[in-house]
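Worksheet: one structure, shown below.
The values are calculated or read from the model by the stated rules, or taken from the named source; none is laboratory data. Worth saying up front: this structure is predicted, and the values here are computed from it rather than measured. Note that we place each Cβ from the backbone using ideal geometry, even for glycine, and neighbour counts take in every protein chain shown. Side chains are part of the model used for accessible areas, which takes the heavy atoms of the whole protein and leaves out ligands, DNA and RNA. Shrake-Rupley method; radii C 1.70, N 1.55, O 1.52, S 1.80 Å.
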Amino acid sequence: MDLFEYQGKQFFASYGLPVSDGAVAVSVDEAVAAAQRLGTPVMVKAQVHTGGRGKAGGVKFAATVDDVRTHADNILGLDINGHVVARLWIEKASDIAEEYYASFTLDRSAKKHLGMLSAEGGVEIEAVAAENPDAISKVWVDPAVGLTEADARAWVEGAHLNPVATDQAVDMLQKLYVAYTEGDADLVEINPLILTPDNRVHVLDAKVTLDSNAVFRHADYAQYDETQPRDEREEAAHAKGLQYVGLEGSVGVIANGAGLAMSTVDVVNQVGGRPANFLDIGGGANAQVMANALEVINNDPDVRAIFINIFGGITRGEEVANGIIGALEAVDIEAPIVLRLDGTNAAEGREILAPHLNDKLMMEPTMLAAARRAVALAEAKS
(Lines give C-alpha, C1' and ligand atoms only; values in the text may rest on other atoms or scores of the structure.)
Protein backbone atom coordinates (compact mmCIF):
# COMPACT_ATOMS: atom_id res chain seq x y z
CA MET A 1 0.00 0.00 0.00
CA ASP A 2 1.41 3.34 -1.06
CA LEU A 3 0.64 6.14 1.39
CA PHE A 4 -0.04 9.76 0.62
CA GLU A 5 2.64 12.12 1.90
CA TYR A 6 0.51 13.27 4.83
CA GLN A 7 -0.23 9.66 5.79
CA GLY A 8 3.48 8.88 5.65
CA LYS A 9 4.19 11.78 7.96
CA GLN A 10 1.51 10.65 10.39
CA PHE A 11 3.08 7.18 10.23
CA PHE A 12 6.55 8.61 10.96
CA ALA A 13 5.23 10.82 13.77
CA SER A 14 3.80 7.75 15.51
CA TYR A 15 7.38 6.47 15.83
CA GLY A 16 8.75 9.75 17.17
CA LEU A 17 10.14 11.36 14.01
CA PRO A 18 9.76 15.17 13.82
CA VAL A 19 7.32 16.30 11.14
CA SER A 20 5.70 19.64 10.33
CA ASP A 21 2.22 20.60 11.49
CA GLY A 22 -0.36 20.48 8.74
CA ALA A 23 -3.89 19.60 7.69
CA VAL A 24 -5.65 17.77 4.86
CA ALA A 25 -7.98 19.76 2.62
CA VAL A 26 -10.34 18.53 -0.09
CA SER A 27 -11.63 21.96 -1.07
CA VAL A 28 -10.31 25.49 -1.49
CA ASP A 29 -12.22 26.67 1.58
CA GLU A 30 -10.73 23.88 3.71
CA ALA A 31 -7.25 24.80 2.46
CA VAL A 32 -7.79 28.44 3.43
CA ALA A 33 -9.13 27.47 6.85
CA ALA A 34 -6.10 25.23 7.43
CA ALA A 35 -3.72 28.04 6.49
CA GLN A 36 -5.49 30.44 8.83
CA ARG A 37 -5.13 27.96 11.68
CA LEU A 38 -1.49 27.16 10.96
CA GLY A 39 -0.45 30.71 10.14
CA THR A 40 1.28 31.64 6.92
CA PRO A 41 3.60 31.05 5.21
CA VAL A 42 2.57 27.49 4.28
CA MET A 43 3.16 24.96 1.56
CA VAL A 44 0.22 23.81 -0.59
CA LYS A 45 1.01 20.23 -1.67
CA ALA A 46 -0.91 17.90 -3.97
CA GLN A 47 -1.53 14.45 -2.50
CA VAL A 48 -1.20 11.81 -5.21
CA HIS A 49 0.32 8.34 -5.44
CA THR A 50 3.03 9.38 -7.90
CA GLY A 51 6.20 11.43 -8.08
CA GLY A 52 6.95 14.58 -10.00
CA ARG A 53 4.49 16.78 -8.11
CA GLY A 54 6.76 19.80 -8.02
CA LYS A 55 7.57 19.71 -11.73
CA ALA A 56 3.85 19.41 -12.52
CA GLY A 57 2.96 22.45 -10.42
CA GLY A 58 1.54 20.43 -7.56
CA VAL A 59 3.70 21.95 -4.78
CA LYS A 60 3.51 25.69 -4.12
CA PHE A 61 4.75 28.11 -1.49
CA ALA A 62 2.04 30.43 -0.16
CA ALA A 63 3.10 33.57 1.68
CA THR A 64 -0.47 34.72 2.30
CA VAL A 65 -3.95 33.27 2.67
CA ASP A 66 -4.83 34.73 -0.74
CA ASP A 67 -1.91 32.76 -2.20
CA VAL A 68 -3.31 29.62 -0.57
CA ARG A 69 -6.68 30.21 -2.19
CA THR A 70 -5.07 30.71 -5.61
CA HIS A 71 -2.78 27.69 -5.39
CA ALA A 72 -5.47 25.38 -3.95
CA ASP A 73 -7.85 26.33 -6.76
CA ASN A 74 -5.15 25.60 -9.36
CA ILE A 75 -3.92 22.32 -7.86
CA LEU A 76 -7.22 20.62 -7.03
CA GLY A 77 -8.23 18.70 -10.15
CA LEU A 78 -4.72 18.88 -11.61
CA ASP A 79 -3.65 15.76 -13.52
CA ILE A 80 -0.21 14.59 -12.41
CA ASN A 81 1.02 11.55 -14.33
CA GLY A 82 -2.53 10.29 -14.72
CA HIS A 83 -3.46 10.93 -11.08
CA VAL A 84 -6.07 13.65 -10.53
CA VAL A 85 -5.51 15.67 -7.36
CA ALA A 86 -8.47 15.33 -4.99
CA ARG A 87 -6.82 16.34 -1.72
CA LEU A 88 -4.15 18.74 -0.51
CA TRP A 89 -1.74 18.86 2.40
CA ILE A 90 -1.41 22.33 3.85
CA GLU A 91 1.80 22.40 5.85
CA LYS A 92 3.62 25.01 7.87
CA ALA A 93 6.55 26.18 5.74
CA SER A 94 10.07 25.29 6.91
CA ASP A 95 13.35 27.16 6.54
CA ILE A 96 16.03 24.98 4.99
CA ALA A 97 19.79 25.14 5.44
CA GLU A 98 20.68 21.73 3.98
CA GLU A 99 18.83 18.82 2.34
CA TYR A 100 19.60 15.13 2.85
CA TYR A 101 18.17 11.81 1.69
CA ALA A 102 17.39 8.74 3.85
CA SER A 103 15.61 5.45 3.19
CA PHE A 104 15.23 1.79 4.14
CA THR A 105 14.12 -1.05 1.91
CA LEU A 106 14.81 -4.77 1.57
CA ASP A 107 17.84 -6.07 -0.29
CA ARG A 108 16.52 -9.49 -1.21
CA SER A 109 19.79 -10.77 -2.63
CA ALA A 110 21.63 -9.96 0.61
CA LYS A 111 18.66 -11.06 2.77
CA LYS A 112 19.14 -7.89 4.79
CA HIS A 113 17.55 -4.48 5.12
CA LEU A 114 19.30 -1.79 3.10
CA GLY A 115 19.64 1.76 4.39
CA MET A 116 20.71 4.58 2.08
CA LEU A 117 21.78 8.04 3.24
CA SER A 118 23.11 10.97 1.27
CA ALA A 119 24.06 14.58 1.89
CA GLU A 120 22.63 15.28 -1.57
CA GLY A 121 18.89 15.32 -0.92
CA GLY A 122 16.00 17.08 -2.59
CA VAL A 123 16.61 15.36 -5.93
CA GLU A 124 15.81 11.88 -7.20
CA ILE A 125 18.14 9.35 -5.63
CA GLU A 126 18.49 7.65 -9.04
CA ALA A 127 20.10 10.84 -10.34
CA VAL A 128 22.53 10.92 -7.41
CA ALA A 129 23.38 7.24 -7.94
CA ALA A 130 24.06 7.82 -11.63
CA GLU A 131 26.03 11.05 -11.33
CA ASN A 132 27.82 10.61 -8.00
CA PRO A 133 27.40 7.12 -6.54
CA ASP A 134 30.01 7.81 -3.85
CA ALA A 135 27.61 10.38 -2.39
CA ILE A 136 25.35 7.57 -1.16
CA SER A 137 26.31 5.90 2.11
CA LYS A 138 24.81 2.42 2.56
CA VAL A 139 24.29 0.12 5.50
CA TRP A 140 23.05 -3.47 5.44
CA VAL A 141 21.15 -4.40 8.60
CA ASP A 142 20.74 -7.97 9.82
CA PRO A 143 17.05 -8.26 10.84
CA ALA A 144 18.08 -10.44 13.79
CA VAL A 145 20.35 -7.71 15.16
CA GLY A 146 18.75 -4.43 14.10
CA LEU A 147 20.38 -1.06 13.56
CA THR A 148 22.73 -0.43 16.48
CA GLU A 149 23.77 3.03 17.58
CA ALA A 150 27.36 2.31 16.54
CA ASP A 151 26.34 1.17 13.04
CA ALA A 152 24.02 4.14 12.64
CA ARG A 153 26.78 6.55 13.63
CA ALA A 154 29.28 5.00 11.24
CA TRP A 155 26.65 5.17 8.51
CA VAL A 156 25.94 8.86 9.15
CA GLU A 157 29.63 9.72 9.26
CA GLY A 158 30.11 7.89 5.97
CA ALA A 159 27.48 10.13 4.38
CA HIS A 160 29.42 13.26 5.39
CA LEU A 161 26.46 15.14 6.75
CA ASN A 162 27.04 18.44 8.52
CA PRO A 163 28.65 17.46 11.86
CA VAL A 164 26.01 19.46 13.78
CA ALA A 165 23.41 17.04 12.38
CA THR A 166 25.19 13.82 13.34
CA ASP A 167 23.68 13.07 16.75
CA GLN A 168 20.15 13.95 15.67
CA ALA A 169 20.52 11.97 12.44
CA VAL A 170 21.72 8.89 14.31
CA ASP A 171 18.72 9.02 16.64
CA MET A 172 16.29 9.72 13.80
CA LEU A 173 17.59 6.94 11.57
CA GLN A 174 17.27 4.41 14.37
CA LYS A 175 13.65 5.53 14.80
CA LEU A 176 13.13 5.32 11.04
CA TYR A 177 14.42 1.74 11.09
CA VAL A 178 11.97 0.86 13.86
CA ALA A 179 9.14 2.41 11.85
CA TYR A 180 10.24 0.43 8.79
CA THR A 181 10.43 -2.92 10.58
CA GLU A 182 7.70 -2.71 13.20
CA GLY A 183 5.40 -0.97 10.73
CA ASP A 184 5.86 -3.80 8.18
CA ALA A 185 6.95 -1.41 5.44
CA ASP A 186 8.46 -2.32 2.08
CA LEU A 187 9.93 1.17 1.74
CA VAL A 188 10.38 4.26 3.91
CA GLU A 189 11.97 7.29 2.29
CA ILE A 190 12.58 10.86 3.43
CA ASN A 191 13.57 13.20 0.62
CA PRO A 192 14.42 15.71 1.74
CA LEU A 193 15.44 15.22 5.32
CA ILE A 194 16.45 18.76 6.19
CA LEU A 195 18.75 20.64 8.52
CA THR A 196 17.14 23.93 9.50
CA PRO A 197 19.06 27.20 10.05
CA ASP A 198 18.78 26.63 13.81
CA ASN A 199 20.39 23.16 13.38
CA ARG A 200 17.33 20.92 13.74
CA VAL A 201 17.05 17.75 11.66
CA HIS A 202 13.49 17.53 10.37
CA VAL A 203 11.32 15.37 8.07
CA LEU A 204 10.12 17.47 5.13
CA ASP A 205 8.69 14.75 2.88
CA ALA A 206 7.58 11.15 3.32
CA LYS A 207 7.28 8.23 0.96
CA VAL A 208 6.00 5.03 2.57
CA THR A 209 4.95 1.71 1.08
CA LEU A 210 3.42 -0.78 3.52
CA ASP A 211 3.18 -4.55 3.06
CA SER A 212 -0.53 -5.22 2.53
CA ASN A 213 -0.01 -8.81 3.67
CA ALA A 214 0.70 -7.49 7.18
CA VAL A 215 -2.58 -5.59 7.57
CA PHE A 216 -3.87 -8.21 10.02
CA ARG A 217 -1.21 -7.02 12.48
CA HIS A 218 -2.24 -3.35 12.21
CA ALA A 219 -5.89 -2.50 12.77
CA ASP A 220 -5.24 1.16 11.93
CA TYR A 221 -4.01 0.31 8.41
CA ALA A 222 -7.62 0.13 7.23
CA GLN A 223 -7.47 3.92 6.85
CA TYR A 224 -4.61 3.55 4.37
CA ASP A 225 -6.36 0.80 2.42
CA GLU A 226 -9.37 3.07 1.88
CA THR A 227 -7.26 5.64 0.01
CA GLN A 228 -5.53 3.23 -2.38
CA PRO A 229 -6.04 4.16 -6.05
CA ARG A 230 -8.30 1.62 -7.75
CA ASP A 231 -10.34 1.67 -10.92
CA GLU A 232 -13.92 0.36 -10.92
CA ARG A 233 -12.81 -3.20 -11.64
CA GLU A 234 -10.24 -3.17 -8.85
CA GLU A 235 -12.72 -1.68 -6.41
CA ALA A 236 -15.26 -4.42 -7.18
CA ALA A 237 -12.61 -7.11 -6.76
CA HIS A 238 -11.36 -5.57 -3.54
CA ALA A 239 -14.90 -5.60 -2.13
CA LYS A 240 -15.01 -9.35 -2.76
CA GLY A 241 -11.62 -9.97 -1.18
CA LEU A 242 -9.86 -10.80 -4.45
CA GLN A 243 -6.28 -9.95 -5.35
CA TYR A 244 -6.82 -8.09 -8.61
CA VAL A 245 -4.87 -5.66 -10.77
CA GLY A 246 -6.52 -4.20 -13.84
CA LEU A 247 -4.54 -4.19 -17.11
CA GLU A 248 -5.42 -3.07 -20.62
CA GLY A 249 -5.80 -6.25 -22.67
CA SER A 250 -8.63 -8.51 -23.81
CA VAL A 251 -7.83 -11.85 -22.12
CA GLY A 252 -9.20 -12.14 -18.60
CA VAL A 253 -6.90 -14.10 -16.29
CA ILE A 254 -7.89 -16.16 -13.24
CA ALA A 255 -5.32 -18.29 -11.40
CA ASN A 256 -4.87 -19.76 -7.94
CA GLY A 257 -1.72 -18.26 -6.46
CA ALA A 258 0.16 -15.06 -7.18
CA GLY A 259 3.10 -16.83 -8.81
CA LEU A 260 0.86 -18.78 -11.17
CA ALA A 261 -1.17 -15.66 -11.94
CA MET A 262 2.00 -13.76 -12.89
CA SER A 263 3.15 -16.68 -15.03
CA THR A 264 -0.26 -16.77 -16.71
CA VAL A 265 -0.06 -13.07 -17.53
CA ASP A 266 3.43 -13.69 -18.95
CA VAL A 267 2.40 -16.62 -21.12
CA VAL A 268 -0.56 -14.69 -22.55
CA ASN A 269 1.92 -12.01 -23.60
CA GLN A 270 4.31 -14.67 -24.88
CA VAL A 271 1.76 -16.05 -27.37
CA GLY A 272 0.87 -12.59 -28.67
CA GLY A 273 -2.10 -11.68 -26.50
CA ARG A 274 -2.71 -8.93 -23.98
CA PRO A 275 -3.98 -9.78 -20.48
CA ALA A 276 -6.90 -7.71 -19.17
CA ASN A 277 -5.97 -8.28 -15.56
CA PHE A 278 -4.06 -10.15 -12.89
CA LEU A 279 -6.49 -12.04 -10.63
CA ASP A 280 -5.32 -14.39 -7.90
CA ILE A 281 -8.11 -16.34 -6.19
CA GLY A 282 -5.68 -17.78 -3.66
CA GLY A 283 -5.68 -21.35 -2.47
CA GLY A 284 -9.44 -21.81 -2.68
CA ALA A 285 -11.45 -22.34 -5.85
CA ASN A 286 -14.90 -23.11 -4.47
CA ALA A 287 -18.06 -22.04 -6.25
CA GLN A 288 -18.44 -18.71 -4.44
CA VAL A 289 -14.82 -17.65 -4.92
CA MET A 290 -14.92 -18.64 -8.59
CA ALA A 291 -18.27 -16.91 -9.08
CA ASN A 292 -16.87 -13.72 -7.55
CA ALA A 293 -13.83 -13.88 -9.82
CA LEU A 294 -15.89 -14.50 -12.95
CA GLU A 295 -18.29 -11.70 -12.03
CA VAL A 296 -15.43 -9.22 -11.73
CA ILE A 297 -13.92 -10.37 -15.03
CA ASN A 298 -17.33 -10.33 -16.71
CA ASN A 299 -17.85 -6.69 -15.74
CA ASP A 300 -14.85 -5.62 -17.81
CA PRO A 301 -16.22 -4.71 -21.27
CA ASP A 302 -12.79 -5.18 -22.87
CA VAL A 303 -12.58 -8.89 -22.00
CA ARG A 304 -13.12 -11.07 -25.07
CA ALA A 305 -11.99 -14.41 -23.59
CA ILE A 306 -11.22 -15.77 -20.12
CA PHE A 307 -8.27 -18.00 -19.25
CA ILE A 308 -8.70 -19.94 -16.00
CA ASN A 309 -5.39 -21.50 -15.01
CA ILE A 310 -5.58 -23.78 -11.97
CA PHE A 311 -2.86 -25.97 -10.52
CA GLY A 312 -4.27 -27.94 -7.64
CA GLY A 313 -2.13 -28.32 -4.56
CA ILE A 314 -4.04 -28.35 -1.32
CA THR A 315 -7.11 -27.58 -3.41
CA ARG A 316 -8.13 -30.75 -5.22
CA GLY A 317 -9.13 -30.96 -8.87
CA GLU A 318 -12.68 -32.15 -8.23
CA GLU A 319 -13.28 -29.20 -5.90
CA VAL A 320 -12.11 -26.83 -8.61
CA ALA A 321 -14.34 -28.50 -11.18
CA ASN A 322 -17.41 -28.33 -8.97
CA GLY A 323 -16.56 -24.72 -8.14
CA ILE A 324 -16.43 -23.76 -11.81
CA ILE A 325 -19.70 -25.52 -12.59
CA GLY A 326 -21.39 -23.82 -9.64
CA ALA A 327 -19.99 -20.45 -10.65
CA LEU A 328 -21.25 -20.77 -14.22
CA GLU A 329 -24.72 -21.51 -12.87
CA ALA A 330 -24.58 -18.36 -10.76
CA VAL A 331 -23.05 -15.92 -13.26
CA ASP A 332 -24.08 -15.33 -16.87
CA ILE A 333 -20.71 -15.18 -18.61
CA GLU A 334 -20.49 -13.51 -22.01
CA ALA A 335 -16.89 -14.33 -22.96
CA PRO A 336 -15.76 -17.89 -23.78
CA ILE A 337 -13.70 -19.62 -21.08
CA VAL A 338 -10.59 -21.69 -21.63
CA LEU A 339 -9.54 -23.83 -18.67
CA ARG A 340 -6.28 -25.52 -17.83
CA LEU A 341 -6.57 -27.81 -14.81
CA ASP A 342 -3.58 -29.70 -13.45
CA GLY A 343 -2.17 -30.91 -10.14
CA THR A 344 -3.86 -32.86 -7.34
CA ASN A 345 -6.82 -34.97 -8.60
CA ALA A 346 -6.77 -33.10 -11.92
CA ALA A 347 -7.98 -36.19 -13.80
CA GLU A 348 -11.04 -36.41 -11.56
CA GLY A 349 -11.72 -32.74 -12.06
CA ARG A 350 -11.46 -32.97 -15.84
CA GLU A 351 -13.83 -35.95 -15.80
CA ILE A 352 -16.42 -33.90 -13.86
CA LEU A 353 -16.10 -31.02 -16.32
CA ALA A 354 -16.21 -33.13 -19.52
CA PRO A 355 -20.05 -33.19 -19.86
CA HIS A 356 -20.17 -29.42 -19.50
CA LEU A 357 -17.68 -28.55 -22.24
CA ASN A 358 -19.02 -26.53 -25.17
CA ASP A 359 -18.18 -23.46 -27.23
CA LYS A 360 -18.39 -21.34 -24.04
CA LEU A 361 -16.29 -23.61 -21.80
CA MET A 362 -13.22 -25.28 -23.28
CA MET A 363 -10.34 -27.19 -21.75
CA GLU A 364 -6.72 -27.54 -22.83
CA PRO A 365 -4.10 -29.93 -21.39
CA THR A 366 -1.28 -27.43 -21.00
CA MET A 367 -0.82 -23.83 -19.93
CA LEU A 368 0.70 -22.86 -23.28
CA ALA A 369 -2.06 -24.48 -25.33
CA ALA A 370 -4.73 -22.86 -23.17
CA ALA A 371 -3.10 -19.44 -23.55
CA ARG A 372 -2.94 -19.79 -27.32
CA ARG A 373 -6.59 -20.77 -27.55
CA ALA A 374 -7.74 -17.96 -25.25
CA VAL A 375 -5.76 -15.41 -27.26
CA ALA A 376 -7.15 -16.74 -30.54
CA LEU A 377 -10.72 -16.50 -29.20
CA ALA A 378 -10.12 -12.97 -27.96
CA GLU A 379 -8.70 -11.91 -31.32
CA ALA A 380 -11.62 -13.50 -33.18
CA LYS A 381 -14.10 -11.44 -31.16
CA SER A 382 -12.17 -8.15 -31.37
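Can you tell me the order of 59-69, 135-145, 368-378 when each peptide is scored by its average per-residue count of other Cβ atoms within 10 angstrom, highest first?
Ranking the peptides 59-69, 135-145, 368-378 by packing returns 368-378, 59-69, 135-145.
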- Placing one equal point scatterer on each C-alpha of the stretch 212-321 and summing with Debye, one gets log10 I(q)/I(0) at q = 0.11, 0.17, 0.20 Å⁻¹ equal to -0.36, -0.82, -1.07
- State, to one decimal in nm, how far the label point of Asp21 lies from the label point of Arg274, with both points 7 Å from Cα in the Cβ direction. 5.2
- Would you work out which of Gly246, Asn345, Asn358 lies farthest towards the positive end of the dipole of the chain, given +1 charges on the beta-carbon of Lys and Arg and -1 on that of Asp and Glu, about the Cα centre? Asn358
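Quick one: if the Förster radius is 41 Å, what FRET efficiency do Gln223 and Asp342 give, using the C-beta to C-beta distance and rounding to 0.05?
In this case the efficiency is close to 0.50.
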- Message: Only bridges whose two residues both fall in the chain count here: according to DSSP, what percent of them are antiparallel, nearest 5?
- Response: 70
- Using a simple charge model, +1 on the beta-carbon of Lys and Arg, -1 on the beta-carbon of Asp and Glu, nothing else, what dipole does the stretch 53-119 show about its Cα centre, in debye to the nearest 20? 440
- Message: Can you show me the helix-derived [θ] at 222 nm for the chain, built from DSSP H runs with n ≥ 4 at -39,500 (n - 2.57) apiece and divided by the number of residues, rounded to the nearest 500.
- Response: -11000 deg cm²/dmol
- Message: Which residues among the stretch 128-152 fall inside the zone where the amide N is under 20 Å from a point 7 Å beyond the Cα of Lys55, along Cα→Cβ?
- Response: 128-133
- Could you please tell me the mean projected area of the C-alpha convex hull for the chain, averaged over all directions and given in square nanometres to one decimal? 21.8
- Query: What FRET efficiency would be calculated for the residue pair Glu329, Glu30, taking the C-beta separation as r and a Förster radius of 56 Å, to the nearest 0.05?
  - Reply: 0.65
- Item | Square roots of five times the Cα gyration tensor eigenvalues for the stretch 14-66, Å | 18, 17, 11
- Between Lys138 and Lys175, how many nm apart are label points set 7 Å from Cα along the C-beta direction? 2.8
- Around Val32, with a cut-off of 11 angstrom between Cβ atoms, what is the net charge of the other residues, counting Lys and Arg +1 and Asp and Glu -1? -3
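Test of the criteria: in the stretch 188-233, which GluC sites (Glu not before Pro) are in a DSSP loop and have at most 15 other Cβ atoms within 10 angstrom of their Cβ?
When the GluC sites (Glu not before Pro) of the stretch 188-233 are filtered for loop state and at most 15 Cβ neighbours within 10 Å, Glu226 remain.
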- Starting at the first residue of the stretch 162-170, write each ³J(HN,Hα) from the Karplus equation 6.51 cos²θ - 1.76 cosθ + 1.60 with θ = phi - 60°, in whole Hz, x for Gly and Pro. 4, x, 5, 8, 4, 4, 5, 5, 4
- Message: Using 30 Å as the Cα-Cα cut-off, could you pick out the over-long pairs in Lys9/Lys112; Lys55/Lys138; Lys9/Lys138; Lys55/Lys92; Lys240/Lys381; Lys9/Lys60?
- Response: none
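Residues of the chain: accessible area per residue at 1.4 Å, in Å²? Mind showing how you got there, number by number?
On the way: 17590 Å² over 382 residues.
Here the residues of the chain average 46 Å² of exposed surface.
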- Calculate, in nm to one decimal, what Asp198 and Met362 gain on full extension: separation in residues at 0.36 nm each, minus their alpha carbon distance. 51.9 nm
- Backbone N under 15 Å from the Ala127 label point (7 Å along Cα→Cβ), restricted to the stretch 30-53: 51-53
- Which loop GluC sites (Glu not before Pro) in the stretch 283-358, with loop taken from DSSP, have no more than 15 other Cβ atoms within 10 angstrom of their Cβ? Glu334
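Where does the charge balance sit around Leu76 when Lys and Arg score +1, Asp and Glu -1, over other residues with C-beta under 14 Å from its C-beta?
+1
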